[in-house]
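Heads up, the thing below is written out as structure tokens.
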Amino acid sequence: MVDIGLLVLRLGIGAAILQAGLIKVADFPMTVQFLTDAGWRLPAFAAFMVTATETLSGVALILGLLTPLAGCAALSSMLCAWAVNVSGGAFWSEPFNVPFLIGLGGAALLFAGAGSYSVDRRVFPRIYWSPRVKLALLALAFIAAIVTWVALYGTNPIHVTAIEPAPAA
């Protein structure tokens with residue numbers, strides 16, 4: 001029964017993050033414009049990175065292919081999406097939004113693996129993801145999200161109080 005639960009979790013989280021990626025693929029210029037309007041540095045590069053990460057991690061999670069790595073990628077991209085959603089106000093005003101929940105699912109799959117009904121189990125049965133590797137992937141997800149946010153957006157997304165809007169020029 002655990003394997004069926006992992007399959008359901010993989011399909012749900014994979015489909016949700018794949019949908020987020022495919023929306024960006026379908027209108028890539030809109031994604032670039034959204035990031036440009038929000039003040040991101042290198043918006044086309046940032047749009048490509050988030051689109052590729054969401055799309056590829058979604059497909060990999062659905063298939064159960066390199067699941068801990070796909071979970072790491074899903075968690076990292078959802079941490080950035082979560083930061084976008086909470087960066088305009090106090091971070092506890094709406095902390096448990098969709099990116100937060102998808103990222104949490106990605107983290108669960110990073111640690112739990114794909115289960116029996118997966119490419120991992122059928123094609124790569126000898127690959128073993130040690131607890132140390134899984135913890136390193138968890139750390140990598142957070143580091144990648146933080147570096148992406150700071151390097152490409154340049155602000156701290158966590159605020160204790162709501163941010164005052166900038167005065168009109």
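The values are calculated or read from the model by the stated rules, or taken from the named source; none is laboratory data. Nothing here was measured: the structure is a model prediction, and the numbers come from that model. Backbone-built Cβ (ideal geometry, glycine too); neighbour counts: all protein chains shown. Just so you know, the surface numbers come from the protein's heavy atoms only, side chains and all, with ligands and any DNA or RNA stripped out. Shrake-Rupley method; radii C 1.70, N 1.55, O 1.52, S 1.80 Å.
Rounded to the nearest 20 debye, the dipole size of the chain about its Cα centre is 640 debye, using +1 on the Cβ of Lys and Arg and -1 on the Cβ of Asp and Glu.
Take residue 49: with every protein chain present and a 1.4 Å probe, its accessible area is about 80 Å².
Carbon-plus-sulfur accessible fraction, the range 1-153 (probe radius 1.4 Å, protein heavy atoms only): 75%. Calculated mean residue ellipticity, 222 nm, the chain: -23500 deg cm²/dmol, from DSSP H runs (n ≥ 4) at -39500 (n - 2.57) each, averaged per residue and rounded to 500. Shown here for the range 1-68: trypsin sites (Lys or Arg not before Pro) in loop regions (DSSP other than H, G, I, E, B) with at most 16 other Cβ atoms within 10 Å, namely 41. The modelled label-to-label distance for the pair residue 30/residue 101, using points 7 Å beyond Cα in the direction of Cβ, is 2.2 nm. Angle of helix 67-86 to the longest C-alpha principal axis of the chain, folded into 0 to 90 degrees and rounded to 10: 20°.
Positive-end ranking of 114, 33, 142 along the dipole of the range 1-153, with charges on Cβ about the Cα centre, is headed by 114. With a cut-off of 15 Å between beta carbons, the residues surrounding residue 20 carry a summed charge of -1, where Lys and Arg count +1 and Asp and Glu -1. How high is the FRET efficiency from residue 126 to residue 8, r the C-beta distance, R0 30 Å, rounded to 0.05? The value I calculate is 0.70. Fully extending the segment from residue 117 to residue 37 would add 24.6 nm, taking 0.36 nm per residue of separation and subtracting the current Cα-Cα distance. Peptides 59-71, 11-23, 121-133 ranked from most to least packed by the mean count of surrounding Cβ atoms within 10 Å: 59-71, 11-23, 121-133. Rolling a 1.4 angstrom probe over the protein heavy atoms with all chains in place gives the chain an accessible area of 56 Å² per residue.
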